[in-house]
Amino acid sequence: MKFIPFYLVFGLFLFLQSCGNKQVEENKVLREQVIAVHDEVMPKMGQLKAFEKAAMQKAEELESAEAPDLEKINELKNLATQLNQAYEGMFVWMRQYNNEDGEQTPEEVKAYLEGQMIQVTKVNEDIKAALDKAAVLLAD
C-alpha cells in the first residue's frame, strides 16, 4: 500500500514530462515557421535596394526635365522611402530576434515565437508590397 502514492507521483511526473516535450516540439515547429517566413523574402533584399536606387534615379531625371511632373517625382521618392523602410525593417527584426530559448519555460518560448511570427509576417508583407509597387511604378 505504501507504493501506491509513489506510483501515482511517478505516473504524474511522466505525464507532465510528456506534455512538456510536446510543447517543446510545438515550439520547434513554430520557430521553423518563423524562419520560413523570413527566408521567403530575405533573398529579395538586393532587389529592394536596386529598386530604391532606380526610383531615386528616375525621380532625379524627372526633376531635370523641362516640365517636371511633380506628382510623379513625389510618387517615386515615396516609393524609394517605402523600399528603404522595408529593407531596414528586415534588419531591425533580425537584430532583435533571439534564436535561443535560454531559461524560458516552453510556454514563454511559445508566447515569444507567436509574437515574432506577427512581426516577421509584417516585415514579409511590407517587403512584398514595396516590391509590387516598385514593379508597377518603375515599369513605365
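Every number here is computed from the coordinates shown, using simple stated rules; none is lab data. Note that the structure is predicted; figures quoted are calculated from it, not measured. Cβ: placed from backbone, ideal geometry, glycine included. Neighbour counts: every protein chain shown.
So how tilted is helix 70-96 from the main axis of the chain? Cα-based, degrees 0 to 90, rounded to 10.
On a 0 to 90 degree scale, this one is about 20.
Suppose we keep just the alpha-carbon trace of segment 40-140; what are its Rg and Dmax in angstrom?
18.0, 65
Hey, what angle do you get for helix 45-63 against the long axis of the chain, alpha-carbon based, 0 to 90 degrees rounded to 10?
For helix 45-63, the angle is close to 20 degrees.
Relative to the longest principal axis of the C-alpha atoms of the chain, give the angle of the C-alpha long axis of helix 3-41, reported between 0 and 90° and rounded to the nearest 10°.
10
Give me the aspartates and glutamates in straight-line cross-link reach of LYS128: C-alpha distance below 16 Å, same-chain residues under 8 apart excluded.
Result set, ordered by chain and number: ASP39, GLU40, GLU52, GLU88.
Given VAL109, VAL37, ALA67, which one lies farthest toward the positive end of the charge dipole of segment 24-137, if we put +1 on the Cβ of every Lys and Arg and -1 on the Cβ of every Asp and Glu?
Looking along the dipole axis, the top candidate is ALA67.
Taking +1 at the Cβ of each Lys and Arg and -1 at the Cβ of each Asp and Glu, which of THR121, ASN27, ALA139 sits farthest along the dipole of the chain towards its positive end, judged by Cα position relative to the Cα centre?
ASN27
Using per-residue counts of other Cβ atoms within 10 Å, averaged over each peptide, order 33-43, 81-91, 101-111 from highest down.
Result, highest mean first: 81-91, 33-43, 101-111.
Report, in debye and to the nearest 20, how large the dipole of the chain comes out about its Cα centre when Lys and Arg carry +1 and Asp and Glu carry -1 on their Cβ. Please report the intermediate quantities before stating the final value.
Values: 15 positive and 24 negative charges, 133 e Å.
With Lys and Arg at +1 and Asp and Glu at -1, about 640 debye.
Before rounding to the nearest 500, sum -39500 (n - 2.57) across all DSSP H runs of length at least 4 in the chain and divide by the residue total; then give [θ] at 222 nm in deg cm²/dmol.
Per the formula, -30000 deg cm²/dmol.
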